[in-house]
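First comes the structure, then the notes that go with it.
Computed from the coordinates by the stated procedures, all read-outs in this text should not be read as laboratory data. Just so we're clear, the structure is a prediction, and the values are computed from it rather than from any experiment. FYI the Cβ positions are ideal-geometry reconstructions off the backbone, even for glycines, and counts take in every protein chain you see.
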Amino acid sequence: MTHEEVEILYVEDNAADVELTMIALRRSRVPNRVHIARDGEEALDFLFCRGPHAGRPFHAPKLVLLDMKLPKVNGLELLHAIRADQRTAMIPVVVLTSSDEQKDMMESYGLHVNSYIQKPVNFDTFQHVVQQLGLYWLTVNQTPLPESVPGRHSRGS
């Protein structure tokens, strides 16, 4: 795996939540390379290789962990952009948010989010949730190979 091949894109603007999640990932022995985007615009730039990521070859992450309340481009707008582009439409997206608003949950599922998880307040519970996320989405779950998705071509094509 090259350094460009990020397996988890974590989109979160709260530095404390980022730190707690990264600790939970390490303690859970989730070895996957994580790229952190601090707002929705930065996540779009990373995913679609534009702006400061313009020189990066396109490589879709295996999983997007997404907060709902983000600056610049909110979580729902980002989810819509991910689902609207055939290069990223099949990426599993898990909303990991403190929002308990039914409206956010309903809109997320309307945009085909794969899972919606409200962050537990207790760190031990949170660590368990992160461990289960890593185990399921990065080990157990299977996704189509990029070259098998209609309209996508392998790098050699």
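Taking label points 7 Å from Cα along the Cα-to-Cβ direction, Arg56 and Ile23 give a separation of 2.6 nm.
Cross-link partners for Lys69 among the aspartates and glutamates, with Cα-Cα distance under 16 Å and sequence neighbours closer than 8 places in the same chain left out: Glu12, Asp13, Asp17, Asp39, Glu41, Glu42, Glu77, Asp100, Glu101, Asp104, Glu107. The percentage of C-alpha pairs in the stretch 8-133 whose separation is greater than 25 Å is 19%. For Leu135 and Asp100, the FRET efficiency from 1/(1 + (r/R0)^6), where r spans their Cβ atoms and R0 equals 25 Å, is about 0.50.
For the stretch 116-123, the Karplus equation 6.51 cos²θ - 1.76 cosθ + 1.60, evaluated at θ = phi - 60°, returns couplings of 10, 10, 7, 4, x, 6, 6, 5 Hz by residue, with Gly and Pro reported as x. A DSSP coil position with no more than 13 other Cβ atoms inside 10 Å describes the following trypsin sites (Lys or Arg not before Pro) in the stretch 1-86: Arg29, Arg50.
Using Stokes-Einstein with the Kirkwood hydrodynamic radius over Cα pairs, what translational diffusion coefficient do you get for the stretch 45-108 at 37 °C and a viscosity of 0.692 mPa s, in µm²/s rounded to a whole number? Mind dumping the intermediate values first?
Numbers: Rh = 12.6 Å.
My calculation gives 260 µm²/s for D.
Each label point was placed 7 Å from the Cα along the Cα-to-Cβ direction; for Gln142 and Ala89 their separation is 2.2 nm.
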